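The values are calculated or read from the model by the stated rules, or taken from the named source; none is laboratory data. Keep in mind it's a predicted model, so treat the numbers as computed, not measured. Note that we place each Cβ from the backbone using ideal geometry, even for glycine, and neighbour counts take in every protein chain shown. We work out accessible area using only protein heavy atoms, side chains counted, and drop any ligands, DNA or RNA first. Shrake-Rupley method; radii C 1.70, N 1.55, O 1.52, S 1.80 Å.
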Amino acid sequence: MQRILVASRKGLFTLSPEGGEGRITSHVFTGDPVTAVLHDPRDMTLYAALNLGHFGVKLHRSDDQGSNWKEIAAPAHEEEKGKPPPDPMSGEWPPKKEGPSVEMIWTLVPGGADQPGTIWAGTLPGGLFRSDDKGESWSLNRSLWNQPSRPHWFGGGYDSPGIHSVLVDPRDSARITLGISSGGA
Amino acid sequence: MARITFTGHLRRHIGNADTEAPGPTVAEVLAAVFEANPKARGYVLDDQGRVRKHVNLFVNDAPVADRDYLSDPVADDDEIYVLQALSGG
């Protein structure tokens, strides 16, 4: 069945052909910004990334072609263990936490044909995350995050830099190419 | 135990999470709340456990001072409110 999935600031629309034209046949996450949508051609699973603004980044999955959606784990940075909080009775002003937090999922991409269940997520502020269990859990690609050049990346349209494209080489799933705005490829 | 009330805007995402929970600080009260409702945590706190930028927590009528570690003290009969900013013109 042909269809077009449209991720918009007002939800996720599905358009299906009818009489030579596209007709909206589904509208879910009404009113919520959907920043990325993925139809995984390997197992027909759908993924929708939301940015709820006040309430952060969320990820939903549908295992039945969009009839039902379930919120699953969203990519997230590990909580950094810094200085412990002060005794609340000490009067000492607590330090600030400086660690990163995912601001947006910009792209969702399936892994290779030989990697069932593997999903890549490109995010702001520049983290590349991988899931090997259809989005139930995620891990940050630390070698990219720790790249010496990363502090020089900067936002292109957004306040923070982000990974907008992930291309998995169909000849070798271990080889991926990224597009970073703004940080090159 | 402190009483925790969440903004009604969160109900469509996390259900009615209003409850009572023990703890000497906001962090410990919320930890007890999130233990019972794990999904709620990511809606209120960011990846580092800070209060999300456009969310605010009040203990009775005062906003929490420590948005990073939530070390503000809580008394047994206090009320904690989880609110969000409204945007638009």
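Before moving on, here are some points about what is shown:
- Test for A:S143: is it among the hydroxyl-bearing types (S, T, Y) and open to solvent by 60 Å² or more (accessible area, probe 1.4 Å): yes
- Filtered by the rule that a residue be more than 29 Å from A:T30 (Cα to Cα) and surrounded by 15 or more Cβ atoms within 10 Å (Cβ to Cβ), the stretch B:18-44 gives B:A21, B:G23, B:P24, B:T25, B:V26, B:A27, B:E28, B:V29, B:L30, B:A31, B:A32.
- Of all residues making up the stretch A:146-168, the number that are open to solvent by less than 60 Å² (accessible area, probe 1.4 Å) and over 13 Å from the mean Cα position of the chain (by Cα): 8
- Residue satisfying all of: in the stretch A:37-57; within 14 Å of chain B (Cβ to nearest Cβ) and open to solvent by 10 Å² or more (accessible area, probe 1.4 Å); modelled with the lowest pLDDT among these: A:G53
- Condition met for B:N60 (in contact with a Gly (Cβ under 8 Å, 6 or more places away or on another chain) and surrounded by fewer than 18 Cβ atoms within 10 Å (Cβ to Cβ)): no
- Only a single criterion out of (1) touching a residue at least 40 places away in the same chain (Cβ under 8 Å); (2) over 10 Å from the mean Cα position of the chain (by Cα) is not satisfied by B:A32, namely (1).
- In the stretch A:108-134, the residues that are part of a loop (DSSP other than H, G, I, E, B) and away from chain B (no Cβ under 14 Å): A:G111, A:G112, A:A113, A:D114, A:Q115, A:P116, A:G117, A:T118, A:D132, A:D133, A:K134
Listed here are the residues, each with its yes/no results for (1) among the small types (G, A, S); (2) in contact with an Asp or Glu (Cβ under 9 Å, 6 or more places away or on another chain).
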position: A:G112; (1), (2): yes, yes
position: A:P116; (1), (2): no, yes
position: A:R130; (1), (2): no, no
position: A:D133; (1), (2): no, no
position: A:L140; (1), (2): no, yes
position: A:Q147; (1), (2): no, no
position: A:P151; (1), (2): no, no
position: A:F154; (1), (2): no, no
position: A:Y158; (1), (2): no, yes
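- Residues satisfying the stated conditions in the stretch B:1-17, i.e. assigned to a strand (DSSP E or B) and open to solvent by less than 30 Å² (accessible area, probe 1.4 Å): B:A2, B:I4, B:F6
- Restricting the search to strands (runs of 3 or more DSSP E) fully inside the stretch B:18-89 and requiring at least 3 residues that are at the interface with chain A (Cβ under 9 Å from one of its Cβ atoms) gives an empty result.
This table checks each residue for (1) open to solvent by less than 40 Å² (accessible area, probe 1.4 Å); (2) modelled with pLDDT under 95; (3) assigned to a loop (DSSP other than H, G, I, E, B); (4) within 11 Å of chain B (Cβ to nearest Cβ).
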| site | (1), (2), (3), (4) |
| --- | --- |
| A:T25 | no, yes, no, no |
| A:T35 | yes, no, no, no |
| A:N68 | no, no, yes, no |
| A:E79 | no, yes, yes, yes |
| A:K83 | no, yes, yes, yes |
| A:M89 | no, yes, yes, yes |
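- Single residue of A:I163, A:I180, A:I105 found to be assigned to a strand (DSSP E or B), in contact with a Pro (Cβ under 9 Å, 6 or more places away or on another chain) and away from every other protein chain (no Cβ under 14 Å): A:I180
- Scanning the stretch A:42-60 for residues that are closer than 15 Å to A:W120 by Cβ and either assigned to a strand (DSSP E or B) or under 13 Å from the mean Cα position of the chain (by Cα) (or both) gives A:Y47, A:A49, A:L59.
- Scanning the stretch A:92-136 for residues that are over 19 Å from A:I176 (Cβ atoms), open to solvent by 60 Å² or more (accessible area, probe 1.4 Å) and modelled with pLDDT of 95 or more turns up A:E103, A:E136.
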